[in-house]
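The values are calculated or read from the model by the stated rules, or taken from the named source; none is laboratory data. Quick caveat: nothing in here was measured; it's all calculated off a predicted structure. Cβ placement follows ideal geometry from the backbone for every residue including glycine, while neighbour counts extend to all protein chains displayed.
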């Protein structure tokens, strides 16, 4: 886990790189966050380029005065943003930097169509990954050995993580912050971004009908109502009754507007609350399970491991009050 500024993040900016994803990486990993009260930044960010004076997408920006790709050789996390021209292969210097980072154990992250570069470097063969839905067909044609999941926001495959479209880069970035520093800090970062604190990577990246045909069909009031009662024994039937629709209709609306199911949304919200309770010092698993709406300690263990990859005790050691105090010292 990163501790303070010891975790180095390098962002590879290549010819034609999309500035939005570079901005996302800068916002998530490069800005000071005095509101957290920590003595050091969460990450130490640098941008790096294969040549001086890289022209970004459509020549809108030119990036100069940053280190070369040697900076990638000391990064703990290497971020590769996307670019619109995915037929033209990346330069060998960039691909070699990606390969070297992965070979020495760095975490490698692609944003949007940056997954093409990871695939060209050979990192994704036989592994799960995603990319922007618009380029999924081309990706499959060029990289048939990759286990592409074209309908999700992001894929966390351990040391290699891939995000779908540009906005999904924010989802993956917050997921990384949550994985590294816990739910409380990730929530603080999301509040500063004025962005959703948590969208599970398995949600669909492309929602065909993002705006309800009838204003009254919006899920926003229902979600706000449910979040206020997330610790109660709410079931999908209770959500449907509140919305005055059948469970089947509610399921269709969740799929259409959020790209997930009512049950998956409820579980995700409850796991996030359980994480915050553990981070704030609650050690009794039955109490955490009850107050988060997960019911039993056994279900808490199952859902927490499924959502974070950690058991409750491991999560407490990593993100509990003692770990938080160590970060502040």
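A few remarks follow.
- Residue count, segment 44-66 (criterion: touching a strand residue (DSSP E or B) at 6+ places or on another chain (Cβ under 9 Å), surrounded by fewer than 13 Cβ atoms within 10 Å (Cβ to Cβ) and over 14 Å from residue 93 (Cα atoms)): 3
- Filtered by the rule that a residue be in contact with a strand residue (DSSP E or B) (Cβ under 8 Å, 6 or more places away or on another chain) and either surrounded by 17 or more Cβ atoms within 10 Å (Cβ to Cβ) or not assigned by TED's automatic domain parsing to the domain that holds residue 9 (or both), segment 117-128 gives 117, 118, 119, 123, 124, 127.
- Condition check for residue 294: over 22 Å from the mean Cα position of the chain (by Cα), buried (at least 18 other Cβ atoms within 10 Å of the Cβ), in contact (Cβ under 8 Å) with a residue 24 or more places away in the chain and farther than 26 Å from residue 168 by Cβ: yes
- Residue that is modelled with the highest pLDDT [pool: residues in segment 56-78 that are closer than 13 Å to residue 20 by Cα and outside any loop (DSSP other than H, G, I, E, B)]: 57
- Of the candidates 162, 113, 131, the single residue that is buried (at least 17 other Cβ atoms within 10 Å of the Cβ) and assigned to a helix (DSSP H, G or I) is 113.
- Residue among 188, 101, 167, 93 that alone is in a helix (DSSP H, G or I) and surrounded by 24 or more Cβ atoms within 10 Å (Cβ to Cβ): 101
- Number of the condition not met by residue 47 [criteria: (1) part of a helix (DSSP H, G or I); (2) at pLDDT 95 or above]: (1)
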